[in-house]
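Shown next, in structure tokens, is the structure this report addresses.
The values are calculated or read from the model by the stated rules, or taken from the named source; none is laboratory data. Note that the structure is predicted; figures quoted are calculated from it, not measured. No Cβ is skipped: glycine too gets one built from the backbone with ideal geometry, and neighbour counts run over all protein chains shown.
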Amino acid sequence: MLSFDDPRWLELKGGYHHLYDPRPSLVFLLEEKNVANVWKEFWDELHHQGDVDSASYVVVPELVRICKSKTKPDWNFYSLVSIIEIARHRKDNPQIPDWISSDYFEAWDEIVKLSIKDISFSDDSVIIRTALGALAIGKKLLRVGTLISYLDDSEVNEILDEHMAWSQQFDERR
């Protein structure tokens, strides 16, 4: 992982392809200060209309490190890392810098483990859905993971209600 005193942090670019140093927000997230604002900043700075850049890739291993230390999962973690990985496959986005690629892919191995754990122990439908999306992506089922990651509960219900007559009967039998 990139040391926090490494000068490359100052050269990272976010989803707008301008310089973005995520270190202060990573520290806030680790210390659980202004958590909602940190996630909002990460959503704004690391991903923009399908665009990601070097800061997006560098943040993924850091988010894994931080989220592994927490007892309660956060849907933002699973959703953001999934969106970054989905966007990485777009031809217009830059490749992962060589100096961070092994950390990035090792982080995805950890995301798979975290998602399995959180799916097993959570009753929160948003955590389960976002972790399922990340799990599918981490297991190289990019299209399935993308579908899960982009659909919310209302869209899933709409698809089931429109295309599967059994969905309501299934719910009633539970």
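Observations on the structure shown:
- Of the listed requirements (1) farther than 20 Å from K140 by Cα; (2) aromatic (F, W, Y); (3) surrounded by 17 or more Cβ atoms within 10 Å (Cβ to Cβ), Y78 misses just one: (1).
- Residue match in segment 76-93 (condition: in contact with a helix residue (DSSP H, G or I) (Cβ under 7 Å, 6 or more places away or on another chain), among the basic types (K, R) and part of a loop (DSSP other than H, G, I, E, B)): no
- Within segment 14-34, residues that are touching a residue at least 40 places away in the same chain (Cβ under 8 Å) and farther than 9 Å from E45 by Cβ sit with their Cβ atoms under 8 Å from residues that are assigned to a helix (DSSP H, G or I) and charged (D, E, K, R), at 6+ positions apart or across chains, in these pairs: L26/E62.
- Matching residues, segment 7-32, being part of a strand (DSSP E or B) and over 18 Å from the mean Cα position of the chain (by Cα): L19
- Single unsatisfied condition, S101 versus (1) assigned to a loop (DSSP other than H, G, I, E, B); (2) farther than 18 Å from V35 by Cβ; (3) of a type in the set (S, T, Y): (1)
- When segment 102-123 is filtered for residues that are in contact (Cβ under 8 Å) with a residue 40 or more places away in the chain and either under 22 Å from H89 (Cα atoms) or not aliphatic (A, V, I, L, M) (or both), the ones remaining, listed by number, are D103, Y104, E106, A107, W108, E110, I111, D118, S122.
- Failed item, numbered, when D103 is tested on (1) surrounded by 15 or more Cβ atoms within 10 Å (Cβ to Cβ); (2) over 19 Å from L29 (Cα atoms); (3) under 15 Å from the mean Cα position of the chain (by Cα); (4) not aliphatic (A, V, I, L, M): (3)
- When we screen L160, L135 for residues that are assigned to a helix (DSSP H, G or I), surrounded by 14 or more Cβ atoms within 10 Å (Cβ to Cβ), touching a helix residue (DSSP H, G or I) at 6+ places or on another chain (Cβ under 9 Å) and at pLDDT 95 or above, the only hit is L135.
- Among the residues of segment 2-26, those identified as surrounded by 15 or more Cβ atoms within 10 Å (Cβ to Cβ) and more than 13 Å from D53 (Cα to Cα) are L2, R23, S25, L26.
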